[in-house]
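In what follows, a structure is listed as structure tokens, so that the remarks can point back to it.
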Amino acid sequence: MEDFWTMNGPLYHPLRFVHIMAGGVAFVAAPVALAIAKGNTAHRRAGWAYVGAMGFAAITALLLAIIRPNPFLLLLAVFAFYLSLTGVRMLRLKYKDSERRAPALLDHVISGVMVLASLGLFGLAVNGFLRGDGFAVVYLVFGAISFLLVIGEFRTRKAAETDRKKWLAAHIQRMMGAYISTVTAFAAVNFGKWFPGISPVVVWLGPTVVGTALIVYYINRFVKSKKPGAIHVRHEA
């Protein structure tokens, strides 16, 4: 039993396989959802497939981090799953009445975990800078993004009470942000082998730079072209 939670134990390779498969599903499902017309059944199914895959990826990352400790990858798993969860929730809240849109205990728990993850990333950054590790800038960037996303979540809730477009903008921002983290993980695993000599900082931050530009593009395309206005509540039977 002493080898159960080690790389030689019976859990490591099955968990790693599930983690890779979940990451592969997420990698494919997100662009499919993005390419399909927004709001229809196929779009929602692709979106849920992505969120479910991200859930499996996050849980298996947690267990793998226990077996083979890697605090950074664990915190990134929390980062990605937070974005996918809040991305779905932001859009669903649009159709509820104002009382039911108020932050619930679940929202505070999710955001609290994300704040702790951002503090962990800041801690890794401080430790890295003290050791003269240039990669510490990556920890710092992801920590700052994590913290700002939590603040932005509650600011968006307030602004969206008077403009329905804010919910859709937050949905696009967070779902695409989660996908950026998936692409980043893929790049981190493969780019070093494909492009020897490439800077790890470029590998880890490059997808964020490109992805942020795409988020701005899609928000302009699907959100800012819409007319502003009060929220329409979809009454449930």
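The values are calculated or read from the model by the stated rules, or taken from the named source; none is laboratory data. Quantities reported herein were computed from a predicted structural model and do not represent experimental measurements. We place every Cβ from the backbone using ideal geometry, glycine too, and count neighbours over all the protein chains shown.
Exactly one condition in (1) out of contact with any Asp or Glu (no Cβ under 9 Å at 6 or more places or on another chain); (2) surrounded by fewer than 18 Cβ atoms within 10 Å (Cβ to Cβ); (3) in contact (Cβ under 8 Å) with a residue 24 or more places away in the chain is false for Pro196; which is it?
Among (1) out of contact with any Asp or Glu (no Cβ under 9 Å at 6 or more places or on another chain); (2) surrounded by fewer than 18 Cβ atoms within 10 Å (Cβ to Cβ); (3) in contact (Cβ under 8 Å) with a residue 24 or more places away in the chain, the lone unmet condition for Pro196 is (3).
Give segment 74-116 a look and list any residue that's small (Gly, Ala, Ser), modelled with pLDDT of 80 or more and more than 17 Å from Thr182 (Cα to Cα), or say none.
Ser111, Gly112
Tally the residues that are within 14 Å of the chain's Cα centre (by Cα) and buried (at least 17 other Cβ atoms within 10 Å of the Cβ), restricting the search to segment 135-169.
Of the residues in segment 135-169, 8 are within 14 Å of the chain's Cα centre (by Cα) and buried (at least 17 other Cβ atoms within 10 Å of the Cβ).
Consider Ile67 carefully, then state whether it is touching a residue at least 60 places away in the same chain (Cβ under 8 Å), more than 18 Å from the chain's Cα centre (by Cα) and buried (at least 16 other Cβ atoms within 10 Å of the Cβ).
It is true that Ile67 is touching a residue at least 60 places away in the same chain (Cβ under 8 Å), more than 18 Å from the chain's Cα centre (by Cα) and buried (at least 16 other Cβ atoms within 10 Å of the Cβ).
Are any residues in segment 135-180 of a type in the set (Ser, Thr, Tyr), touching a Leu at 6+ places or on another chain (Cβ under 7 Å) and closer than 23 Å to His108 by Cβ, and if so, which ones?
Ser146
With (1) outside any helix (DSSP H, G or I); (2) modelled with pLDDT of 90 or more as the list, and Gly143 as the residue in question, which single condition is left unmet?
Evaluating Gly143 over (1) outside any helix (DSSP H, G or I); (2) modelled with pLDDT of 90 or more leaves (1) as the failure.
Looking only at segment 129-140, how many residues end up being in contact (Cβ under 8 Å) with a residue 12 or more places away in the chain and in a helix (DSSP H, G or I)?
Residues that pass the stated criteria total 5.
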